[in-house]
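Data first, discussion second: the structure below is written as structure tokens.
The values are calculated or read from the model by the stated rules, or taken from the named source; none is laboratory data. As the structure is a prediction and not an experimental result, all values here were calculated from the model. So basically every Cβ, Gly included, is an ideal-geometry build from the backbone, and we count neighbours across all protein chains shown.
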Amino acid sequence: MLSVVPTPITVRVPAKVNLHLSVGDARPDGYHELVTVFQALSLTDEVTVLAAEEPGIDVHGEGADSVPTGASNLAWKAVQLLAEHSGRDPEEPGVRLSINKGIPVAGGMAGGSADAAATLLALNQLWRLELGRDELSEFAAKLGSDVPFSLQGGTALGTGRGERLVPVLARHTFHWVIALDRRGLSTPAAYTELDRLRAESRPNRVGEVEPLLEALASGDPRQLALLLGNDLQAAAVSLRPGLRRTLRAGVQAGALAGIVSGSGPTCAFLCTDADAAVRVAAELSGAGVCRTVRVAHGPVPGAKLVSEEPAHRPTPPQVHA
Ligand SMILES: C[C@@](CO)(OP(=O)(O)O)[C@H](O)COP(=O)(O)OP(=O)(O)OC[C@H]1O[C@@H](n2ccc(N)nc2=O)[C@H](O)[C@@H]1O
Ligand SMILES: Nc1ncnc2c1ncn2[C@@H]1O[C@H](COP(=O)(O)OP(=O)(O)O)[C@@H](O)[C@H]1O
């Protein structure tokens, strides 16, 4: 008898930067209450899921060596969650994952969350689960605070632990230079460091989010640059004092402003336009303050089947007279 092997499914998924990250007090469950504005950037991972008897994960690309290939990979947790939901054996789900990293690992750009979101979307297709965006988003929130945003993309206001999202109007495209560090930084360590700093002094807190939302709606990068703010920046800089130099170097290279991305140590520099971003990237890469630089723009869409993207759509059949 002929058995039909489903075609592998590939999903592309973006990194994020927090344009505004206001961290409240630690809650009884250990999470901090946030008010944050996420923007999805054109720095992406690709996750392919394929039916296979031997389960497993292959990781390629940027920082692949430091990504776990076992059960602690967040994308594998997504496989197990949907396997359980759909009555499959989570230990023998009959799939392999291939992850191609473009998002820096442990860089504060939600790379693991991105892979988990991509896996949810890909398996929904491979296993024909027909879960809607809202259901996928609920599964995403079980996997991590940033995972729902990786699914949604664009620009969004996040509250709660970051998982409750409302889309935000962002006019025009913003242009960024991303400075990647030599080593990653742990998210829980950054939150713990912030609690420690707050217990012993009063580090500055970011202000209200409304002015930043207005700047996004205006589309003016100069206005936005004045309002970027991240409460975790003090913690990241305290754990990695060299970041001060990186932030200074980006502005000296011509960026409008620089910010630590989420829990760091990646730094993101907002530039006037695409040409300025290329110039800033070239100068920053010569300054010796980071491992490498990337140019990116945002907002971009969230996790997407690669076959749905316009550039990959098959050309319509030609009609010859
Ligand atoms: C800081 C942020 C900013 O967007 O992102 P990254 O910079 O790591 O990418 C997020 O809050 C990270 O979200 P995510 O990485 O999904 O965190 P989770 O897996 O849910 O939680 C990991 C740990 O981070 C801390 N955590 C996370 C979110 C939150 N609102 N409060 C917290 O205190 C907790 O210690 C938690 O155990
Ligand atoms: N698919 C994945 N990609 C990257 N890191 C992962 C993945 N799954 C688990 N991890 C682990 O999660 C940690 C945080 O990685 P990542 O999500 O890239 O950073 P951040 O939380 O700073 O945005 C890494 O140190 C790594 O051990």
request  = Only residues that are in a strand (DSSP E or B) and farther than 22 Å from residue 45 by Cα: list them for segment 271-302, please.
outcome  = 271
query = Among the residues of segment 235-252, how many are farther than 20 Å from residue 106 by Cβ and buried (at least 24 other Cβ atoms within 10 Å of the Cβ)?
reply = 1
task = May I ask you to verify whether residue 257 is free of Cβ contacts under 8 Å to residues at least 40 places away in the same chain, under 23 Å from residue 22 (Cα atoms) and more than 16 Å from ligand 2 (Cβ to nearest atom)?
result = yes
query = What single numbered condition from (1) touching a residue at least 24 places away in the same chain (Cβ under 8 Å); (2) assigned to a helix (DSSP H, G or I); (3) of a type in the set (A, V, I, L, M, F, W, C) fails to hold for residue 178?
reply = (2)
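Does residue 236 satisfy the criteria of being over 25 Å from residue 156 (Cα atoms), touching a residue at least 40 places away in the same chain (Cβ under 8 Å), assigned to a helix (DSSP H, G or I) and in the same structural domain as residue 202 (by TED's automatic domain parsing)?
In short, no.
Would you check if residue 121 is over 14 Å from the mean Cα position of the chain (by Cα), within 16 Å of ligand 2 (Cβ to nearest atom) and over 28 Å from residue 237 (Cα atoms)? Steps first, please.
On the way: over 14 Å from the mean Cα position of the chain (by Cα): yes; within 16 Å of ligand 2 (Cβ to nearest atom): yes; over 28 Å from residue 237 (Cα atoms): yes.
Yes, satisfied.
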task = Please verify whether segment 31-42 includes one or more residues that are under 30 Å from residue 89 (Cβ atoms), of a type outside the set (Lys, Arg) and away from ligand 1 (no atom under 13 Å from the Cβ).
result = no
request  = Please enumerate the residues belonging to segment 137-179 that are more than 13 Å from ligand 1 (Cβ to nearest atom), among the aliphatic types (A, V, I, L, M) and surrounded by fewer than 22 Cβ atoms within 10 Å (Cβ to Cβ).
outcome  = 166, 168, 169
